[in-house]
Structure formats: C-alpha cells, structure tokens
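Values in this text are rule-based calculations from the coordinates and carry no lab data. Fair warning: this is a prediction, and the values are worked out from it, not measured in the lab. Note that each Cβ is placed from the backbone with ideal geometry, even for glycine, and that neighbours are counted across all protein chains shown.
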DNA sequence: AATAGCATGTAAGAAGTTACATGATTTC
DNA sequence: GAAATCATGTAACTTCTTACATGCTATT
C-alpha cells in the first residue's frame, strides 16, 4: 500500500511522470521516508493503471517511454488514505538500528564510528538546508525541512552519545 | 540481515531471552528503528541457532519455552557488522510518508490532521523522556534518547507546517 | 469458569531486493 | 567510439505480514 500511496503523492506533486522519473524521486528527499527500486515501481504502475488510479501515455518516439498521470480516482484514493487511515508507526531504518547498537562496542571502537555518523548527518543537514532554501513550492520546502529536522536529530544524538562516552572514559582513567 | 542483527543486539543487551521476550522488545523502544512480528522472529532464531550464532535451552517445564543466548560467534558477527558495514541509509516509515504528503490536502483538511500528529508525537516525547530517566543502563538511556530526539523532530515539523499553513490561509483571507 | 497473558509455531501471500536483460541517446 | 544516462522490463529469491493453529498458567 505504501508504495502505491507514495507514487500517487509524487504524481500529484510532480505532475505527469515516467517510471524512471519516479524512481529518481526515491533517491532524493523522498528516500527519507520511503524508497523503492525501479523493479518494484514499474510493475506497480502497471497495476495502478489496470485499477484506474493512473493513466499512461506511451511515447511514439524512439525511447520507449510511458508517462503516467494520476486520475480523479487516484486523487480520491490518496485523499481518503491521508484522511482516514491510521498509519503504521513502525520505522525501519538500518542506519538507525546500527546507531542504536553502536554503544555496545568498546569506547575505542564506538567513538570514531559515532563521530563519523555525526559527520554523515551533518553533511545531510547542510545539503537539505540548501535544498529547502532553493525550493519554490511550499510542499517541497516542507519535505526538505522534515529531512533537515530528522537528520539534525541523528547528528545531535551521535554527538551527545560520543561526548557522554568520552566523558565517562576520561572519568574512569582519572 | 537487519532482523538478525537486531536480535543479536537485543540478546547482548537483555541477556538470554525467549522469542516471546524478543518479540516484546520490538514493541518498545526498538520499534523506533526496526520491528518484526513473532512469526518472523521464531524461524529466524531457529536459523541463527543452526548457524551457531545463538544457543538454545529448552525448558522442561509445562510451558514450552526456549531461551536463546548469544554465542562468541554471534558476538563476533555483530561486532563485525557494526564496524565494517556501511549501512543502508534508506528509511521506511509509513507515518512519515503520510506526514510528508499531508500538505497536499486543503488547509481545512490538513490542519487538524497536522495538529493531531503533533499531539501524537508529543505524547511519545513525554513517554520516552520519562523512560530515558528511569533507565539504569547507559545503553538503554541512549536508545530512549534517540527516540526522544526523533519524536521531537516530528512534533516540531508538524507544528511548524501547521503554523505556516495557518498563517498563509489567514494572509489569503485578509 | 472465563479472560488475559504466556509461549510457540506454520502456511499463504504480499512486498521488496538483486541480478539479468535490452536498447536508445547524449556528451566527451 | 566510449561512457554516461535515459528508459523499461522480468525472474528468482528473500523478507515481511496476515491469518490460522495450539495449549498452558495466572488472575478475577
């Protein structure tokens, strides 16, 4: 369901798009909330077309490109899902699972890894901040901002835990 | 892989545990980073036992309970994964996907939903904060704190977007 | 004696990943 | 003309969810 909803949302946001275009969106800010590979997206779009949630126009040009557009039915489906569905609140993030368990290692091992994670998230914060500023639509700015807040939280956590572990290791030595 | 790693981590953290115990952990703070149902956990533990990553003791009592303990091999596997693996940074969160797309709705529809989301995350912030305070181990405190920071980010985002939409709607009316 | 919680399992199906497969066009 | 990028697809496999299935124990 989530993939279908994500695709409907992207089609509203970005207008008519090919499977290729939609695949690229999952590599940008959307990957902060959901992601999918082209091998899952292409069949899903065909299924949505069969259900009448989207329509497709096949380009006659040399490149065999199909452009999908959301239908009124698709819009209704998306709206109902947003309004009526109690979303599943579980999160799946391998990177957070790793963060979560990094403190299991000895300080000599965990500290550089935690500092490296903080740096990774700092880069993402910077990138998303400038992305947010360059966005012309409110929606895109909101979406980039969600990424900024999420990445900031992870950066802050990694820094806080590294500092705490460092302080405790110093106390022990003293 | 992630489920296996999560189970190994929980077995280090919590000590010898049954599949039932581990299933409950995925309903607590662990669900902020990964989750799994018992129907996936039981077979995975059997597989890990066959691989020598864990050992099992079957209780002779009336309740047919199997207690799993991590082996040295399992500890090594976990350590190597934490140190050597570049984790997948994709996130899957249906709740965030929904947040992400809520601004697609008209203000009259999105505002109450955004305020409700902010309230949901506020409750989680409060719960995790008191959980963090009550935790005796550093690791558990760190883990609860990761939840606090993540939930705070979502609460702040929902509030920021709701305020922004409200302000813009008021400007338009004026 | 009924209800809630402990405790484990399997089977079918849906969702997601990896690898294979093809071919056109643009840029250098 | 080589490399990067556009563009779509399928097959095999792994992972995850939902539903079914069972039976004990503690509480009220």
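Observations, loosely collected:
- Taken as Cα centroids, the range B:114-160 and the range B:79-99 sit 19 Å apart, rounded to the nearest whole angstrom.
- Spin-label pair residue B:21/residue B:109, simplified geometry with 7 Å Cα→Cβ offset, distance in nm: 4.8
- Relative contact order computed over chain B (Cα-Cα under 8 Å; 6+ residues apart), in percent: 18
- Crossing angle, helix A:2-14 versus chain A [Cα axis fit, 0-90 degrees, rounded to tens]: 70
- FRET efficiency for residue A:84 and residue B:126, using Cβ-Cβ distance with R0 set to 30 Å, rounded to 0.05: 0.65
- The range B:2-84: relative contact order as a whole-number percent, Cα under 8 Å and 6+ apart: 34
- With Cα atoms defining each centre, the range B:15-78 and the range A:29-53 are spaced 34 Å apart in the structure.
- Computed from the C-beta positions of residue B:28 and residue A:64 and an R0 of 56 Å, the FRET efficiency is 0.65 to the nearest 0.05.
- Rounded tilt (10° steps) of A:107-134 against the dominant C-alpha axis of chain A: 40
- Computed over the alpha-carbon atoms, the range A:94-173 gives an Rg to Rh ratio of 1.13, Rh here being the Kirkwood radius from the mean inverse distance.
- Residue exposure sequence - A:67, A:152 - by fewest surrounding Cβ within 10 Å: A:67, A:152
- Counting Cβ atoms of other protein chains within 10 Å of each Cβ in A:148-156 and taking the mean gives 5.
- Helix B:72-84 axis, angle to chain B major axis (alpha carbon atoms, nearest 10°): 30
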